[in-house]
Amino acid sequence: MILIDLSQIMVASTMMSLNGETEADVNMVRHMILNTLRMYRQKYVNEYGELILCCDGKHSWRREHFAPYKASRKSGRATSPLNWSQIFGCFDTIKSELKEFFPYKHLEVYGAEADDIIAALSGELEFDNGKTLILSGDK
C-alpha cells in the first residue's frame, strides 16, 4: 500500500502555485495535486499497490493535551497576507472531489492527523503484497 499525507501535498501544491497572489487558483492546485498523485501511482503501484490518501481531520487530539501544539502556525496565518480561509476552502473542495470522483481510498478521522492514520495503518495492517510505502514530508 502507498500511504500518502494528502495534507502536505495540498499545502505544497498551493504554495508553488501562488506566484505572489494571496488566493489559491483551485484549478491550478487541483491540477498539481492530481499530477502528483498520478506520478506517485505510476512510479510505485507495481511494487507497493494502490494509493491510500490520508488527511488531517478537524481538531487534532494533540491540542487537547498540549495547547501550544502548532500554535505558531495559527498566529502566523493571522499576520500572513494569504487568504487562508479561501485556501482551506480550496482544500475542502479538492478533498471532496477526490472522494467522489476518484478511485483512491481516502481516510480522514476526526481528531487525528494524517500522521496518526499512517502510523495506525502501517503498524497494524498489510494490504496488497505486504509492502508499505509512506510518502510524507514528515520524518
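What are the pairs, 6+ residues apart or on separate chains, where a residue within segment 93-116 that is closer than 22 Å to V45 by Cβ and hydroxyl-bearing (S, T, Y) has its Cβ under 6 Å from a residue that is assigned to a helix (DSSP H, G or I) and open to solvent by less than 60 Å² (accessible area, probe 1.4 Å)?
Short answer, once both residue conditions are applied: none.
Would you please list the contacts, defined by Cβ atoms under 6 Å and residues six or more apart or on different chains, that run from a residue in segment 22-35 that is over 17 Å from Y104 (Cβ atoms) to a residue that is among the hydrophobic types (A, V, I, L, M, F, W, C) and in a loop (DSSP other than H, G, I, E, B)?
Short answer, once both residue conditions are applied: T22/L82.
Please go through segment 28-66 and give me each residue that is open to solvent by 80 Å² or more (accessible area, probe 1.4 Å) and more than 16 Å from D5 (Cα to Cα), ordered by number.
M28, H31, Q42, K43, N46, E47, H59, W61, R63, E64, H65, F66
Counting just the residues of segment 1-27 that are in a helix (DSSP H, G or I), closer than 24 Å to K131 by Cβ and among the aliphatic types (A, V, I, L, M), which one comes out most open to solvent (accessible area, probe 1.4 Å)? Reasoning before the result, please.
Quick first cut of segment 1-27, residues in a helix (DSSP H, G or I) only: 6-17, 26-27.
Then keep just the ones that are closer than 24 Å to K131 by Cβ; that gives 6-9.
Adding the requirement that they be among the aliphatic types (A, V, I, L, M) leaves 6, 9.
On the way: L6: 0, I9: 20 Å².
Per the criteria, the residue is I9.
The values are calculated or read from the model by the stated rules, or taken from the named source; none is laboratory data. Because the structure is a prediction, the values reported are computed rather than measured. Every residue, glycine among them, receives a Cβ derived from its backbone with ideal geometry; neighbour counts consider all protein chains shown. The area values use the complete protein model at the heavy-atom level, side chains included, leaving out ligands, DNA and RNA. Shrake-Rupley method; radii C 1.70, N 1.55, O 1.52, S 1.80 Å.
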